[in-house]
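Notes to accompany the following structure.
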There are 2 protein chains.
Amino acid sequence: MTYRLECPVTGYQDTDVVMLAHGSGGESMQKLIAEMYAKAFPYLQSEHDAALINTDRYQLAFTTDSFVAKPPFFPGGDIGSLAVHGTVNDLVMRGSLPHWISVSFILEEGFPMKDLERIVLSIAEASKKAIVRIVTGDTKVIERSHEIPEILINTSGIGAMRDWKVLPEPKNVSVGNKVIVSGDIGRHGMALMSVRNGLELDPPILSDSMPLNEMGRGLYYYNINPNCMRDATRGGVAAVLNEIARSAKLHIRIDEEKVPVADDVRGLAEILGYDPLVLANEGRFVLFVKDEEAEHALEILHKCEGGEHAAIIGEVVGKHEMGLVTAKTLLGSEKPIHMPTGEILPRIC
Amino acid sequence: MTYRLECPVTGYQDTDVVMLAHGSGGESMQKLIAEMYAKAFPYLQSEHDAALINTDRYQLAFTTDSFVAKPPFFPGGDIGSLAVHGTVNDLVMRGSLPHWISVSFILEEGFPMKDLERIVLSIAEASKKAIVRIVTGDTKVIERSHEIPEILINTSGIGAMRDWKVLPEPKNVSVGNKVIVSGDIGRHGMALMSVRNGLELDPPILSDSMPLNEMGRGLYYYNINPNCMRDATRGGVAAVLNEIARSAKLHIRIDEEKVPVADDVRGLAEILGYDPLVLANEGRFVLFVKDEEAEHALEILHKCEGGEHAAIIGEVVGKHEMGLVTAKTLLGSEKPIHMPTGEILPRIC
């Protein structure tokens, strides 16, 4: 294996294999990014969901995301709308106005044409709503290896960077910043989980899958300059807070009581044994804003679709070399919120 | 199925399913693009492998491609280098200088970490050689459904448009243009096919997988303005010629004798019953140039790596409402070259 001699930098052993946890947004994925991708790709902007392209001529955001939703249709959305929202949201979080999207389908032989049509129409509708243009695409068909043929979708996207005073990114988060979540959390994770477990909830828990560009636009036009924005997808709010705490070497403290969670989501999460903070969202984000801008930001979010339950859930309380996230519990004590480990919710985003 | 009432435009029936042919670059894929994607996505630039983004501020090319190589390692390359070359080449063909690339991995649980590392290093090397930057990425892990765990890769890319007098695209091809192929054809298809069939050729047939940006740059800097360029991947040279003949309503005539095919490729293709014109290439392209520029273009290609066997293989002989491609055979008669139908070489690009 001469190639290992050429790059003996990764910590993996010859017998190591990829596990579901490597794709679930938590600790294992962070290790894979840091120990393999970041070392091999010198220009990878591994701390961001979208890359910033900043030259004399171009100021763009560029992102990619592959989607594996099982089942492809779920209460509140489908893999098509999810694929549009995921990429649009990554572009918004980087501080850009999303413009152009690519769609690449990987289909298993035997996938029903009517389901593909339904997904294609859902993509068309979602892109219209998010005001982005599908300009290029690709289709590959692979041999069938599942009883029910599956679909995978990759979307990539380009946004035009907005003209911020301070670029929203982890290194610009500072002590005293307030932490806001844009709405109630955990819907997407529980919507998928309820369908996958055959639970017939009435009414069903609907996914929060939605584009975040209205909220991004609202904040920008009212001169709110978030210090950082990050959508809370795989690994949920817990992963986002830990990533930013580590990256900016800060101690973030949240107040459990203030985290908005719908009653049905909280109920199902309790039954299944999940902390809502680790559940995936596809239309919710965490933003860090200066103390004096927090109330205004909240007011703007409350007026946007999907932002009705936005809340200030905590603040950056100090510096911390390793990064630390803690929560004031409902009982008044303080507990650590860890980076999620292992496989949290497989194959749902 | 109310969504069908909303869009009763596709010609597909409720019982139709996706078949391997829908991904193989031939007639079925053209139909899927025309009848579903092009109708649902009003901004899709479905006649091009890369989209042109042309605004006051931005002149960019944008493309996406998913890669499914079985096996992932083959003589002359691997799925990693292939994924870089495929996207770089689509950007070059559109007339741009490739700059920024995204990489998205979809891995089956159990995929060996050392194989992933080997592929990651191959991507790093290929992107260095092609002078493009991997700036953003994504990893998803799916449950294992194959005896040997598989890998899928999507790459998307952005290039800066060059300042052409005439944009290289099908509608600018005109009667009298010469048709050039940049090198000997069919290597990639036969390299994969030989490995998949367990043929132990000595020496093996090596894939032609390579970046085309040196050739693209050479033509541009010596003031050759191709009327159109298209890399001959899925469906091979036959698919490219038919696509352009249809799109520009032209009759293209080639001379079979002049099509460069290496002896080992021709031999294996004959044994397996394939016409080299339909075999996939991953480092070869077809270009249409004005008669008076043809010899100069050829001279430039001959000096580039991979262009040693470039040849003028035919010309655009007239207009044709439906588009027509014919070949002068070795016996001197003329035969039609059809758009490939059905599944030509599954899962190789």
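The values are calculated or read from the model by the stated rules, or taken from the named source; none is laboratory data. All of these numbers come straight from a predicted model, not from anything done at the bench. A quick note on method: Cβ atoms are made from the backbone with ideal geometry, for glycine too, and the neighbour counts reach across all protein chains shown. Please note that ligands, DNA and RNA were not included when accessible areas were found on the heavy atoms of the full protein model with its side chains. Shrake-Rupley method; radii C 1.70, N 1.55, O 1.52, S 1.80 Å.
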- Taking Cα pairs under 8 Å and at least six residues apart, what relative contact order does the stretch B:170-336 come out at, in percent? 43 percent
- Message: With +1 assigned to the C-beta of every Lys and Arg and -1 to the C-beta of every Asp and Glu, and no other charges, what is the dipole magnitude of the protein assembly as shown about the Cα centre in debye, to the nearest 20?
- Response: 1340 debye
- Picking from B:223, B:242, B:54, which is most flexible by a Gaussian network model of chain B using Cα springs under 10 Å? B:54
- Task: Please identify which residues in the stretch B:252-292 have an amide N closer than 15 Å to a label point set 7 Å out from the Cα of residue B:129, following the Cα→Cβ vector.
- Result: B:282-284
- Query: DSSP beta bridges in the protein assembly as shown, what fraction antiparallel, as a percent rounded to 5?
  - Reply: 75 percent
- Dipole of chain B (Lys/Arg Cβ +1, Asp/Glu Cβ -1, origin at the Cα centre): which of B:251, B:224, B:239 lies farthest to the positive side? B:224
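Counting only other chains, and only Cβ atoms inside 10 Å, what mean value do you get across the residues of B:61-71? List each step's numbers first, then the result.
Values: counts 1, 10, 7, 12, 7, 11, 4, 5, 0, 2, 0.
Mean partner shielding for this stretch: 5.
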- If you average 1/r over every pair of different alpha-carbon atoms in the stretch B:221-264 and take one over that average, what Kirkwood value in Å do you get? 12.5 Å
- Note on the structure: Gyration tensor on Cα atoms of the stretch B:170-336, a ≥ b ≥ c root eigenvalues, a/c under 1.5 rounded, else prolate if a/b beats b/c, else oblate, says oblate
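Over the stretch A:49-161, what relative contact order in percent results from Cα pairs under 8 Å that are six or more residues apart?
Numbers: 228 pairs, mean separation 46.5, N = 113.
It comes to 41 percent, rounded to a whole number.
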- Would you kindly find the accessible area of residue B:169, with a 1.4 Å probe and non-protein molecules such as ligands, DNA and RNA excluded, rounding to the nearest 10 Å²? 20 Å²
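Of the accessible area of the protein assembly as shown, with the probe set at 1.4 angstrom, what percent is carbon plus sulfur?
On the way: 13840 of 26950 Å².
The value for the protein assembly as shown is 51 percent carbon and sulfur by accessible area.
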- Query: In nm, what does the list of distances from residue A:14 to its counterparts in the other copies look like, shortest first, when each label sits 7 Å along Cα to Cβ?
  - Reply: 5.7
- Nm distances between the label at residue B:338 and the same-position labels in the remaining copies, 7 Å along Cα→Cβ, shortest first? 6.3
- Message: What does the structure give for A:211-217 when I average, per residue, the other chain Cβ atoms found within 10 Å of the residue Cβ?
- Response: 0
- What 222 nm value per residue comes from the helices of chain B, counting each DSSP H run with n ≥ 4 as -39,500 (n - 2.57) and dividing by all residues, nearest 500 deg cm²/dmol? -8500 deg cm²/dmol
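Would you kindly calculate the translational diffusion coefficient of the stretch A:49-161, applying Stokes-Einstein with the Kirkwood radius from alpha carbon pairs, for 20 °C and a viscosity of 1.002 mPa s, and quote it in µm² s⁻¹ without decimals?
Rounded to a whole number, D works out at 148 µm²/s.
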- Message: What lysines does residue B:140 reach when the alpha-carbon gap must be under 23 Å and sequence neighbours fewer than 8 apart in one chain are set aside?
- Response: A:31, A:39, A:70, A:140, B:70, B:114
- When the Karplus curve 6.51 cos²θ - 1.76 cosθ + 1.60 is applied with θ = phi - 60°, which whole-Hz ³J(HN,Hα) does each residue of the stretch B:286-296 get, with x for Gly and Pro? 9, 10, 10, 9, 4, 3, 6, 9, 4, 5, 5
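Kindly compute the accessible surface that chains A and B hide from a 1.4 Å probe when together, both sides summed, and give it to the nearest 100 Å². Please report the intermediate quantities before stating the final value.
On the way: alone 17400 and 17390 Å², together 26950 Å².
Roughly 7800 Å².
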- Item | Top of A:112, A:98, A:211 by mean-square fluctuation, Gaussian network on chain A, Cα under 10 Å | A:112
- What is the ratio of the Cα radius of gyration of chain B to 2.2 N^0.38 Å, where N is its residue count, to two decimals? 0.98
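Could you please put A:57, A:196, B:234, B:94 in sequence from largest to smallest accessible area, using a 1.4 Å probe? Numbers along the way, then the final one.
Numbers: A:57 120, A:196 90, B:234 45, B:94 10 Å².
Output order, biggest surface exposure first: A:57, A:196, B:234, B:94.
Accessible area per residue for the stretch A:170-336 in Å², computed with a 1.4 Å probe and the full protein assembly in place, what is it?
Numbers: 6920 Å² over 167 residues.
Solvent-accessible surface per residue comes out at 41 Å².
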- Message: What does the net charge come to around residue B:294 if you take all other residues with beta carbon closer than 11 Å to its beta carbon, with K and R at +1 and D and E at -1?
- Response: -4
- Just the C-alpha atoms of the protein assembly as shown: what Rg/Rh do they give, with Rh taken as the Kirkwood radius? 0.99
- Task: Take the alpha carbon gyration tensor of the stretch B:30-101, find the square roots of its eigenvalues, order them as a ≥ b ≥ c, and report rounded if a/c is under 1.5; if not, report prolate when a/b exceeds b/c, else oblate.
- Result: oblate
- Would you please put B:172-178, B:248-254 in order of how densely packed they are, using the mean number of other Cβ atoms within 10 angstrom per residue and starting with the highest? B:248-254, B:172-178
- Task: Give the nm distances, rounded to one decimal, from residue B:318 to the matching residue in every other copy, measuring between label points 7 Å along Cα toward the beta carbon; shortest first.
- Result: 8.7
- Whole-Å distance linking the alpha carbon centroid of the stretch B:82-111 with that of the stretch B:148-207 is 13 Å
